[in-house]
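Where a number appears in this text, it was derived from the coordinates with a stated rule and is not lab data. Computed from a predicted model, the values in this text were never measured in an experiment. Cβ: placed from backbone, ideal geometry, glycine included. Neighbour counts: every protein chain shown.
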Amino acid sequence: MKNVRRYPLLLALVFGLVFTSCVSNKKFAASEARADRLQKENTSTLGKLNDCNAQVKNLKGENAILYDEVASVQNDLKDLAASSNMTIADQAKRLKNLQDNLQAQRDVMTNLKNTIAAALMNYKADELSVYIKDGSVYVSLAEKLLFKSGSDVMNAKGKDALKSLANVINNTKDINVMIEGHTDNVPIKTGQYKDNWDLSAARATSVVRILTKDYGFDPNRITASGKGEFHPVATNETTEGRATNRRTEIILSPDLSELYKLLYQ
């Protein structure tokens, strides 16, 4: 009878132990899962922290480079400012010298233009003109004043005009002379010249020879150039326009060597 009473008690004890064991296992499993999760989160956080440290290190390096660049620019600016401050007076003096030199060149060209115009005043307006263009004096001589049609042989009236011009320019220092021959666009009709290029160059050369050999102008200061039909000053569609385009231009330019010295000294 006593043994029968013990069975229920024993069963209850066994059941309690089993239940307690199940509860403990569940808590352990939960704790283990939580610990694993915390470990993973810790690993992730540590990785992010390492990334942040690396970025901070990179930023420090970039900042150091930027600081060096800024310092270099500041030094350059200081050097430039120091250089500018040292040469402000010199620059002002140079600018004034340039302005004075330019004005002197303009005065020389204006006086030269007036002197040449006075020396050639006996010629008609349709024979020659004297004017200033781009800082140079132009003496434009019509074909009919210098040459017969299709020829580079200068007539007597043309030589007289060149003699009057030579009397002026031979006494004018610091000028260079360019002789440009020009034609209209009508093709050349003589076997002596291949084309208008050839004729314009021959006429320019003829003027150079007369100014240098006959009237003593310095050959080192003069150049001949043939422009052909490609620089007209009037239309080639009319007789008057073509006559205007058939011309020889004598261009007197100032010697700019002193001006260049002022610019690049």
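Quick check on my filter: what residues within segment 224-247 are part of a helix (DSSP H, G or I) and within 16 Å of LYS133 (Cβ to Cβ)? I'd like the intermediate steps shown before the answer.
Within segment 224-247, the subset part of a helix (DSSP H, G or I) is 239-245.
If the condition is that a residue be part of a helix (DSSP H, G or I) and within 16 Å of LYS133 (Cβ to Cβ), then THR244 is the only one that fits.
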For VAL168, state whether it is aliphatic (A, V, I, L, M), touching a Leu at 6+ places or on another chain (Cβ under 8 Å) and surrounded by fewer than 19 Cβ atoms within 10 Å (Cβ to Cβ). yes
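Please enumerate the residues belonging to segment 170-216 that are of a type in the set (Val, Ile, Thr), touching a Lys or Arg at 6+ places or on another chain (Cβ under 9 Å) and part of a helix (DSSP H, G or I).
Here is the first cut: in segment 170-216, the ones of a type in the set (Val, Ile, Thr) are 172, 175, 177, 179, 183, 186, 188, 190, 205, 207-208, 210, 212.
Of the ones still in play, those that are also touching a Lys or Arg at 6+ places or on another chain (Cβ under 9 Å) are 175, 177, 179, 183, 186, 188, 210.
The answer is ILE210, and nothing else.
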